[in-house]
Amino acid sequence: MIDLSKIKAIAFDLDGTLTPTMELNFQCWNDILLKRQMQIDKTQYFLREGENISTLIQDLLSRYSGQISSGEIETLIEKKDQLFKMKFSGELYPGVTELINHLKTLKIKQGIVTAGRITRLNAMFNIDFIEQFDILVTGKKNKLGKPSPEPYLEFSMSLNIPPIEILVVENAPLGIRSAKAAGMKCVAITSTLSSHHLSEADIIFKDFLSFSKSLISNTD
């Protein structure tokens, strides 16, 4: 049970939490990398979702001979994001729109905390959707990603709300560790990984719709 009377803000991860885009991200990465006769492992990519994307891709490609420069990694990220923009349909998980609207009526702040770059986020959604959020914390080239608490602490400081009054919604173990290290409660959604990978969360839901219905029913 989540007591929203003690929550002043909710921070949502993006890929795999609000949107069914983890599979598409993976497919786009391997489409781009195939041209260089490289590929990344799907399980490792899903487990490490939320990590600084430059660091993650560099590490996942480390088994290939030859050093890949940071400049080459940035080029690959740009190409992958361009391909992603062409293929993404704007789909949200069931229950996302209803919960966002409900939280606004309760005057609970809400935002997105993602390793994705701001350019990709702006290309994914129209301005009306983005403006529903009070803050966006996005990835940058040299910024620490999850599992560092830095992304969620930035969320906390930007809203001037203490971590203990913030609820995080995640779908990956690194995001959960980031939230817990920042001193926040964390809900996990088994949209991309099974529950045994998400055991560090405070509560686990099978999908976003179940989480949304639970929250709304407890505040009606």
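Net charge in the neighbourhood of TYR64 (other residues with Cβ under 14 Å of its Cβ; Lys, Arg +1, Asp, Glu -1) is 0.
The label-point distance for LEU92 and GLN37, in a model that sets each label 7 Å from Cα toward Cβ, rounds to 4.5 nm.
Please give the net charge around PHE84, taking every other residue with its beta carbon less than 15 angstrom from that of PHE84, where Lys and Arg add +1 and Asp and Glu add -1. Computed value for this residue: -1.
Applying the Karplus relation 6.51 cos²θ - 1.76 cosθ + 1.60 with θ = phi - 60° to the range 29-35 yields 3J(HN,Hα) values of 4, 6, 5, 5, 6, 4, 5 Hz, where x marks Gly and Pro.
Rounded to the nearest 10 degrees, the angle from helix 208-217 to the longest Cα principal axis of the chain is 10 degrees. Model label sites at LYS206 and GLU72, defined 7 Å from Cα along the beta-carbon direction, differ in position by 4.6 nm. In the range 22-87, Cα pairs under 8 Å separated by at least six residues give a relative contact order of 40 percent. Using Cβ point charges alone (K and R +1, D and E -1), the dipole size of the chain about the Cα centre works out to roughly 300 debye. Measuring against 23 Å, Cα to Cα, the residue pairs LYS35/LYS146; LYS79/LYS141; LYS109/LYS141; LYS143/LYS180 contain LYS35/LYS146; LYS109/LYS141 as the ones spanning a longer distance. For the Cα atoms of the chain, what angle does the longest principal axis make with the long axis of helix 70-87, in degrees from 0 to 90, nearest 10? Result, in degrees: 60.
Mean residue ellipticity at 222 nm, helices only, the chain: -12500 deg cm²/dmol; runs of at least 4 DSSP H residues each add -39,500 (n - 2.57), and the sum is divided by the number of residues. The residues ARG63, ARG36, when put in order of fewest to most other Cβ atoms within 10 Å, stand as ARG63, ARG36. Counting only residues at least eight positions apart within a chain, or on another chain, the aspartates and glutamates with an alpha carbon under 14 Å from that of LYS42 are GLU23, ASP31, ASP59.
Distances between placed amide hydrogens fall under 5 Å for THR19 paired with TYR93, all partners being 5 or more residues away or on another chain. The modelled label-to-label distance for the pair LYS104/LYS6, using points 7 Å beyond Cα in the direction of Cβ, is 2.9 nm.
What the Kirkwood sum gives for the chain is a hydrodynamic radius of 17.7 Å, with every pair of different alpha carbons counted. Across the range 129-220, Cα-Cα pairs more than 23 Å apart make up 27 percent of the total. Cβ crowding within 10 Å, taken as a proxy for footprinting-reagent exposure, orders LEU215, LEU34, LEU153 from fewest neighbours to most as LEU34, LEU153, LEU215.
Read-outs throughout are calculated quantities, based only on the coordinates presented, and are distinct from any laboratory measurement. Predicted model, so just to flag it, every value in this text is computed and none were measured. Every residue, glycine among them, receives a Cβ derived from its backbone with ideal geometry; neighbour counts consider all protein chains shown.
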